[in-house]
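Worksheet: the structure to be examined is printed underneath.
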Amino acid sequence: MGFMPHQTRQLQGLRILSGGRDDLRPLAMLEESVKRLKSPKASPTYALSKEQADAAFGLLADWFFEVCGSVAFSSLEHPKFTAFLKQVGLPEVSRRELLCSRLDSKFEEARRASEARIRDAAFFQVSSDGWKSQICIEGDKRLVKFMVNLPNGTRVFHKVVYSNGGVVPSQHAEEVLWETVGDICGGNAHRCAGIVSDRYKGNALKSLELQNNWMVNLSCQIQGFCSLIKDFTRELPLFGSVTEKCMKIANLINSQPQVRNSFLKYKLQGVEVPAFITVPTPKCDISKNSGPFIAMLEGVLTCSQILHLVVLDDTFKVACLEDLAAAEVAGVVQDVGFWNEVEAAHSLIKLIMSMAEEVEAQRPLVGQCLPLWEEMRSKIKEWCTKCNVAAGPVERIVERRFKKNYHPAWSAAFILDPQYLVRDASGKYLPPFKCLTDEQEKDVEQFVTHLVAGEEAHIALMELMKWRSEGLEPLYAQAVQLKQQDPVTGKMKIANPQSSRLVWETCLKEFKSLSKVAVRLLFLQATSSGIKCDWSFTRLLGGASRLGSEKVQKLIFVAAHAKLERQDFSSVEENDADILRSVHDEDEMLNEVLAHTSSI
């Protein structure tokens, strides 16, 4: 006797089968087994040849390594994933093969390629990022990343060091930095032209620079700009006033039920507002961590429309009679001056954050530091005029932060970089000494003589004077300064950033001592920010066995190497946000088209 038709079974299944609806799946499996036994020569699942299977598995392994952190190890054993592999003719993934032989092979391949690039370079710069948490720009927490910046503009990943959180003592940081330099260059430490780091400018970096006079150790420009935000929150009266008033508004809305009900009433009417307004915790010192303060400002600004409605609501008016804090908040919300202050504080933060993000994206060289700070001064001066803020106190805060971040190498690189040569009345392209202060001009001379051997100091100064008076041949100067439009930002930028250094190595060889300084200086990067990876699994580094830690280190190395090869410096979160945004925009466009079509 055969089985009933499928539709009949479904209709009668619940009456016939003792297990009810849940028996339908096992019944289907039973029927499938009977069919296989009846037709043993039925077509099997798609099968690959051994060569095809090996190639496919190799690509799968490469993908897994390169997105490490985004895909959990346990996902490889997910039933749906193993079913998919079977469907396309691949065997189940062997964790041992993937995380042992294949990972070891991939790591060795990436390591050899990295070491070959470092060997080919005459010198390099060590980049160290992660000692300090990023306030302006989200970064990877608890990991200190070390990379190698090469003269040709490429970067090579070296390693990560796990930090247990908190502040690492400067002495320990110095030991880790020097150990890293030794790992990279072996016995020839002179190949390391310097270090750029997001922390320890005044201690570890300075100490290493004093011990090794050929090194130029810089602090990260991104951290300099982020620290400027902290300076403003701590020292500018505008921020103190805004902080106090915003906290009163946020605390009242977040904690008072009557006011909260009025707030939610308008939210239910379709007004876009956050569920709560972020408030810095009592333990949070916004002069050291401005993140929560920025979130509070944005929350209050987002709620500005609804706040004006809430203070006019009858429920809120009753609350004002019973609560002096509510009445005070009503006065603040209805004060136009308060909103002007909030807008001013927020726009200043956005201005600085925008420049920090641009610096992170563009990765400027050391010669660009002075122009960058001049641009920052100019923009902040415009902000003062626009927001009617006294310029004096603001400028003093900016100058104090500039001096804390300043390094004499900034001035020297600015003068030696042909990118900044200025054409005079006679047609000569001369270094821009007129743009420097007297102190900065002295810094250039002292810096140059400091970097050359003692007997060469006098020669280097003579060559510097010649460079000042003669500059560079116009044709070469124009070639170095040639600009083209950036396809991403639309801004004009130097077409060949390496040309500044290459000119010194070729047509300016007559400056025997000065050219040595220039070629080691001009390639140095002014930021330590590295690649962004979702390395959440690296929390295992803190408690894993030695063997487990080695596996994690290898995974990180392979993933970082692959991202650098692809020139992919974005994060998974940024990419996902872009995809969701584009899908949303496409849906909005489709809705508009449909609405237009229906109205015709």
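What to note about this one:
- Gyration tensor over the Cα atoms of segment 319-453: the corresponding equivalent ellipsoid has semi-axes (square roots of 5 times the eigenvalues, largest first) of 45, 15, 14 Å.
- Here the 3J(HN,Hα) profile of segment 411-416, calculated from phi with Karplus coefficients 6.51, -1.76 and 1.60 at θ = phi - 60°, is 5, 4, 5, 4, 6, 7 Hz, Gly and Pro shown as x.
- The 3J(HN,Hα) values that the Karplus relation (6.51, -1.76, 1.60; θ = phi - 60°) gives for segment 90-102 are, in residue order, 9, x, 4, 6, 8, 4, 5, 5, 5, 8, 10, 5, 5 Hz. Gly and Pro appear as x.
- Size of segment 203-257 from its Cα atoms: along the principal axes, largest to smallest, the extents are 64, 23, 16 Å.
- For the listed peptides 336-342, 323-329, 496-502, a ranking on the average number of other beta carbons within 10 Å per residue, highest first, reads 496-502, 323-329, 336-342.
- Alpha-carbon Debye profile of segment 383-487, log10 I(q)/I(0) at 0.10, 0.16 Å⁻¹: -0.43, -0.87
- Dipole of segment 393-443, positive direction: furthest Cα of LEU416, PRO432, PHE402, with charges on the beta-carbon: PHE402
- Between the amide H of PHE523 and any residue lying 5 or more places away or on another chain, no distance stays under 5 Å, with hydrogens modeled in the peptide plane.
- Inter-part distance where segment 50-75 and segment 208-249 are each reduced to a Cα centre, Å: 43
- Residue order by solvent-accessible surface for ASP424, ASP486 is ASP424, ASP486, largest first, with ligands and nucleic acids left out and a 1.4 Å probe.
- Using only side-chain charges placed at the Cβ, +1 for Lys and Arg and -1 for Asp and Glu, the dipole size of segment 73-130 relative to its Cα centre rounds to 160 debye.
- Where labels lie 7 Å past Cα in the beta-carbon direction, separation of ARG260 and LYS248 in nm: 2.2
- Paramagnetic reach from PHE276 in segment 248-267 [backbone N under 14 Å; point 7 Å along Cα→Cβ]: 250-257, 260
- Evaluated on segment 354-425, the Kirkwood hydrodynamic radius is 13.8 Å, with distances taken between all distinct Cα atoms.
- Sorting MET353, MET465 on solvent-accessible area from highest to lowest, probe radius 1.4 Å, gives MET465, MET353.
- With the charge dipole of segment 361-493 set up from +1 on Lys and Arg Cβ and -1 on Asp and Glu Cβ about the Cα centre, the Cα lying farthest toward the positive end among the listed residues ASN388, VAL444, CYS369 is that of ASN388.
- Cα-projected label distance for LEU321 with ALA56, points at 7 Å along beta-carbon direction, nm: 7.6
- The P(r) of segment 148-197 has a tail past 18 Å containing 37 percent of all C-alpha pairs.
- Rule-of-thumb Rg ratio for segment 304-391 [Cα; 2.2 N^0.38 Å; N residues]: 1.65
- Remark: segment 55-120 is approximated by an ellipsoid whose semi-axes, taken from the C-alpha gyration tensor as √(5λ), come to 28, 12, 10 Å, largest first.
- Karplus-derived HN-Hα couplings along segment 433-443 (A = 6.51, B = -1.76, C = 1.60, θ = phi - 60°), whole Hz, x at Gly and Pro: 4, 5, 7, 8, 7, 4, 5, 5, 5, 5, 4
- One decimal place: the segment ASP183-LYS86 gains 30.4 nm when fully extended, by the rule 0.36 nm per residue minus the C-alpha distance.
The values are calculated or read from the model by the stated rules, or taken from the named source; none is laboratory data. Everything numeric here is computed off the predicted structure, so don't read it as measured data. Note: ideal-geometry Cβ built from the backbone for every residue, glycine included; neighbour counts use all protein chains shown. To get the accessible areas, we keep the full protein, side chains included, count just its heavy atoms, and leave off ligands, DNA and RNA. Shrake-Rupley method; radii C 1.70, N 1.55, O 1.52, S 1.80 Å.
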